[in-house]
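> First the structure, which I've put down as structure tokens, then a few questions once you've had a look.
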Amino acid sequence: MAEAPVRVSAQPQDGDLVAIALRGNSDAFAILVERYDRAVYHLAYRTLHDVEEARDATQEAFFKAFRSLRTFKPGSKFSTWIFAIAYHACCDRLNRRKRFSGDELPDRADVSPGPEQQVIALDEATRLRAAIDALPEKYRTVVTLFHLQGRQYEEIATVLGLPMGTVKTHLFRAKEQLRRLLSGAEVTEL
Amino acid sequence: MTMDDRELERAILGLPLEEPPQGLRASILLATAYRPGPAFSVGELVALGSLGAVALWLGIMLVLGGGSLFVHTLQTIGSTLSRTLSNAGVLAWLAAGGATAIWLTLFSGWQPVAAVSHRSERSASR
């Protein structure tokens, strides 16, 4: 009887890559960048709604991660760590934006609904994205992280620095508002 | 469009990620993993600084004392060096120190030449 082939993991785990990078192998960190740059950019863009700022925040997040790689706790998730760094970089930028503009940040993103016919013509993904953009910031971020991390509420809570119960409540309310927005009903702040 | 909870979650999870701007990954890598090293290492800077200091010292001596002081100083340095290096005890200590350094290098697996050439190869390939 032929022996079952030994399965060797071709894809090194994130934690292993961090350990290898800490030993001075730059290629290991490059793999982590390749794995997460798009997701981090997505989080930054959905939070900041500005291509240039999202680009800078993404770069800043990876730069900070690279410089403080030694503080990464073995056994924790790299994705959660890098998302948390990126989220804080975005918050700093939002605060700066608020300071320089002198105005309160809008609680809602600019929806720019346009003519109704145009909205109807949008495909489902575009409509959903527009609905997410129309959510208040706290809900929008939770939905974006849910999109990136799935049902890992604890990871989302870690990134946002919120209790898990709050994350679940925000997500529940966000989904309610999304449903109303997608069905065209009037949405009131909860 | 009415969706139940499961459908809505599936739709959110199925959304495509934003397309990052071109060159983002390259700029991140250039700022982090593949950041070009400094033009001079610490050792090279120390060596260059020492050489500069010696040159300055010799220059000041030339200006202050003329050629004779300069020649005299060089003679003194030369004779001290030759006296030191012709001493069997000093040479034995130097040999012992060198041998220990080589042994420690083998023991720790540190290969400065290989490391430098690896870095240069990668810089060249980029």
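The values are calculated or read from the model by the stated rules, or taken from the named source; none is laboratory data. Computed from a predicted model, the values in this text were never measured in an experiment. Backbone-built Cβ (ideal geometry, glycine too); neighbour counts: all protein chains shown.
Yes or no, residue by residue, for (1) under 19 Å from A:HIS88 (Cβ atoms); (2) within 11 Å of chain B (Cβ to nearest Cβ); (3) in contact with a Leu (Cβ under 7 Å, 6 or more places away or on another chain); (4) part of a helix (DSSP H, G or I):
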{"site": "A:ARG127", "(1), (2), (3), (4)": "no, yes, yes, yes"}
{"site": "A:ALA131", "(1), (2), (3), (4)": "no, yes, yes, yes"}
{"site": "A:THR141", "(1), (2), (3), (4)": "yes, no, yes, yes"}
{"site": "A:ARG151", "(1), (2), (3), (4)": "no, yes, no, no"}
{"site": "A:GLU155", "(1), (2), (3), (4)": "yes, no, no, yes"}
{"site": "A:LEU171", "(1), (2), (3), (4)": "no, yes, no, yes"}
{"site": "A:ALA174", "(1), (2), (3), (4)": "no, yes, yes, yes"}
{"site": "A:LEU181", "(1), (2), (3), (4)": "no, yes, no, yes"}
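> Any residue at all in the range B:64-82 that's farther than 30 Å from A:ARG180 by Cα and facing chain A (nearest Cβ under 9 Å)?
no
> For the list (1) surrounded by 10 or more Cβ atoms within 10 Å (Cβ to Cβ); (2) under 19 Å from the mean Cα position of the chain (by Cα), I need the number of the one condition that B:LEU24 fails.
(2)
> Picking from A:LEU43, A:LEU32, A:LEU48, A:LEU69, which residue would you name as being surrounded by 14 or more Cβ atoms within 10 Å (Cβ to Cβ), at pLDDT 90 or above and in contact with a Lys or Arg (Cβ under 7 Å, 6 or more places away or on another chain)?
A:LEU48
> Here's a follow-up. Looking only at the range B:10-43, how many residues end up being more than 7 Å from chain A (Cβ to nearest Cβ), outside any loop (DSSP other than H, G, I, E, B) and farther than 13 Å from A:ALA30 by Cβ?
Going through the range B:10-43 one residue at a time, the tally reaches 3.
> A further question on this structure: Filter the range B:101-116 for residues that are surrounded by 11 or more Cβ atoms within 10 Å (Cβ to Cβ) and of a type outside the set (A, V, I, L, M); which is modelled with the highest pLDDT?
Of everything passing the filter in the range B:101-116, B:THR105 is modelled with the highest pLDDT.
> Tell me whether the range A:73-82 contains one or more residues that are among the aliphatic types (A, V, I, L, M) and either under 11 Å from the mean Cα position of the chain (by Cα) or crowded, with 20+ Cβ neighbours inside 10 Å (or both).
Yes - at least one qualifying residue is present in the range A:73-82.
> Same structure, new question: Which of the residues spanning the range A:67-90 are in contact (Cβ under 8 Å) with a residue 40 or more places away in the chain and in a helix (DSSP H, G or I)?
Within the range A:67-90, A:LEU69, A:ARG70, A:PHE78, A:SER79, A:THR80, A:ILE82, A:PHE83, A:ALA84, A:ALA86, A:TYR87, A:ALA89, A:CYS90 meet the criteria.
> All but one of (1) at the interface with chain A (Cβ under 9 Å from one of its Cβ atoms); (2) touching a Phe, Trp or Tyr at 6+ places or on another chain (Cβ under 8 Å); (3) modelled with pLDDT under 85 hold for B:THR2; state the number of the condition that does not hold.
Of the numbered conditions (1) at the interface with chain A (Cβ under 9 Å from one of its Cβ atoms); (2) touching a Phe, Trp or Tyr at 6+ places or on another chain (Cβ under 8 Å); (3) modelled with pLDDT under 85, the odd one out for B:THR2 is (2).
> Looking at A:GLU186, A:GLU155 in this structure, which one is outside the structural domain of A:TYR45 (by TED's automatic domain parsing) and at pLDDT below 90?
A:GLU186
> Oh, and also: Please specify each residue of the range A:28-45 satisfying the condition of being touching a helix residue (DSSP H, G or I) at 6+ places or on another chain (Cβ under 6 Å) and facing chain B (nearest Cβ under 7 Å).
If the condition is that a residue be touching a helix residue (DSSP H, G or I) at 6+ places or on another chain (Cβ under 6 Å) and facing chain B (nearest Cβ under 7 Å), then A:PHE29, A:ALA30, A:VAL33, A:ASP37, A:ALA39, A:TYR41, A:TYR45 are the ones that fit.
> Go through A:ALA19, A:ALA10 for me and flag whichever is surrounded by fewer than 21 Cβ atoms within 10 Å (Cβ to Cβ), modelled with pLDDT under 95 and outside any helix (DSSP H, G or I).
Residue meeting the stated conditions: A:ALA10.
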